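Throughout, read-outs are computed from the coordinates displayed, never taken from laboratory work. Predicted, not measured: the structure shown is a model, and the values here were computed from it. Note that each Cβ is placed from the backbone with ideal geometry, even for glycine, and that neighbours are counted across all protein chains shown.
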Amino acid sequence: MELSPSAWLTIGIILMAVEILLPGFIIFWFGIGALITAVLVYSGLLESYTWQWFCFFISSGAFLGLWFGYLKDKVKVKTADDSRDVTLTGIKGTCTQDIIPPQIGEVELYEPFHGVKIWKAQSNEKIVKGEQIVIAGADGIKLIVKKNE
């Protein structure tokens, strides 16, 4: 028993819609495989049940392989640098351990950030203990600071 083109179209749309609920961009490609199968069944190229399912799995697997093997890296979404937390930029504090580039020192913030007041920090300039600092950014869990002038 073959499936009709409208049945394959429905399967494809449902599979692509399920991707919204289960992210990972895997099920979507099975939806595309079902749409391709629908077009081939509609055009009369696939009449047997076996060939319809064969086409569905081969086309789905091919698109899945193409996505993970090649396209995923080419279609990267441009996002802000995740290591830069703009919510902490501008917070002020005091240097508690000398920061002599490229060495890492330590700073104490006037107000805690994420419940923490004392942070490892680095800078492009020499900052000695007791000097006032301001956060310019972050590199992982280290703060990037500069002198507060």
Label model pair Lys120, Ile58: point-to-point distance (7 angstrom along the Cα→beta-carbon line) in nm is 5.4 nm
Helix 5-21 sits off the longest principal axis of the Cα atoms of the chain, rounded to the nearest 10 on a 0 to 90 degree scale, by 10 degrees
Distribution output for the chain: share of Cα-Cα pairs per 10 Å bin in percent, first bin at 0, values 11, 26, 13, 10, 13, 13, 10, 3, 0
Rounded to the nearest 10 degrees, the helix 49-66 long axis (Cα) sits at an angle to the longest Cα principal axis of the chain of 20 degrees
Across Gly137, Gly44, Gly61, the residue with the highest GNM fluctuation in the chain (Cα network, 10 Å cutoff) is Gly44
Cα pairs beyond 17 Å in the stretch 92-147, in percent, come to 19 percent
With label points set 7 Å from each Cα along the Cα-to-Cβ direction at Leu21 and Glu131, the distance between them in nm comes to 5.8 nm
Computed D for the stretch 5-74, Stokes-Einstein, Kirkwood radius over alpha-carbon pairs, 37 °C, 0.692 mPa s, to the nearest µm² per second, is 270 µm²/s
Cα-Cα longer than 24 Å, checked against Lys74/Lys120; Lys92/Lys120; Lys120/Lys146; Lys72/Lys120, kept in input order, equals Lys74/Lys120; Lys72/Lys120
